[in-house]
Amino acid sequence: MEFLLPEIRVISKTNEKVEELVISELLKGTTKKSLKTIISSNVKPLSVEIIDGIAYVSLSSNILDREYSEKEEAFVVYSIVNTLTSIQGVEKVQILIDGKSKDVLHKHYSIREPLKFSHLIVSNNYLSPLLTINEYHDGIVSKNFKQCTDLILLQNDSKINYSTILSYMKTNYDKTEKIDINDYIISEYDNDLEIDTNTTIYSSNDTKKRMNIEYRLTYIEGLFKIRDIIY
């Protein structure tokens, strides 16, 4: 499975609130052979309520019992978010575990703040934003700085041009020998997103520097490009 597919269901009218019905249907999984259930059937909805356009959904902690790849984690998060934002009046979704907020669902996708519907995850094959960061780092280490600048998206009103960036990289990264991403958290999966990384940079003079670096990316023409880097 490379992207989320919507599944339309007809349900009988009951005394339950619409938001409770739709999350219960989601957690039942699919019976269609062409689709795949991505949330374990033993996960239970504990509560759902809508306040000022935000759906607060609390799920049982056994949603954390298994390991998720980055892609699987994105699919779990956005199957919940996209389902609840299909309800009229719901603009964002706050995911809670056992009634409590968490920074991430598993390792890499933030659920600290309410999330909006992701068009990207239902219209394109999943593309890890980290691939762009890794390719950017590979360019630095191999001193292929043109590879790095090809991954940078300059704003129309930017006073910086690619030649300036290229000159800066040659000056500041000439001694960089290795870059390791120790951990990372993706803010959301949409056309514009941020990745907070904990990164170690190794230099040829036997020094290493551990840094928190935020990359801001934009999805354009089938790939993510870097629009900003904040150290």
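Flag set for GLY29, criterion: out of contact with any Cys (no Cβ under 8 Å at 6 or more places or on another chain) and either among the aromatic types (Phe, Trp, Tyr) or surrounded by 14 or more Cβ atoms within 10 Å (Cβ to Cβ) (or both).
Does GLU72 meet the test of being surrounded by fewer than 19 Cβ atoms within 10 Å (Cβ to Cβ), in the same structural domain as LEU105 (by TED's automatic domain parsing), acidic (Asp, Glu) and in a loop (DSSP other than H, G, I, E, B)? So GLU72 does not fit the description; no. Only residues that are closer than 13 Å to LEU115 by Cβ and either modelled with pLDDT under 95 or not in a strand (DSSP E or B) (or both) were counted in the stretch 55-64, giving 0. Here GLU67 meets each of (1) part of a helix (DSSP H, G or I); (2) out of contact with any Ser or Thr (no Cβ under 8 Å at 6 or more places or on another chain); (3) under 22 Å from ASP196 (Cα atoms); (4) not β-branched (Val, Ile, Thr) with one exception, condition (1).
Looking only at residues in the stretch 88-113 that are touching an Asp or Glu at 6+ places or on another chain (Cβ under 8 Å) and buried (at least 18 other Cβ atoms within 10 Å of the Cβ), the one that is nearest to SER58 (Cα to Cα) is GLN94.
Among the residues of the stretch 177-208, just one is at pLDDT below 95 and of a type in the set (Lys, Arg), namely LYS208.
Put simply, of GLU135, GLU177 the only residue that is in contact with a helix residue (DSSP H, G or I) (Cβ under 8 Å, 6 or more places away or on another chain), outside the structural domain of GLU70 (by TED's automatic domain parsing), of a type in the set (D, E, K, R) and not in a helix (DSSP H, G or I) is GLU177.
The values are calculated or read from the model by the stated rules, or taken from the named source; none is laboratory data. Bear in mind the structure is a predicted one, so any value in this text is a computation, not a measurement. In this analysis, Cβ positions are derived from the backbone assuming ideal geometry, glycine residues included, and neighbour counts consider all displayed protein chains.
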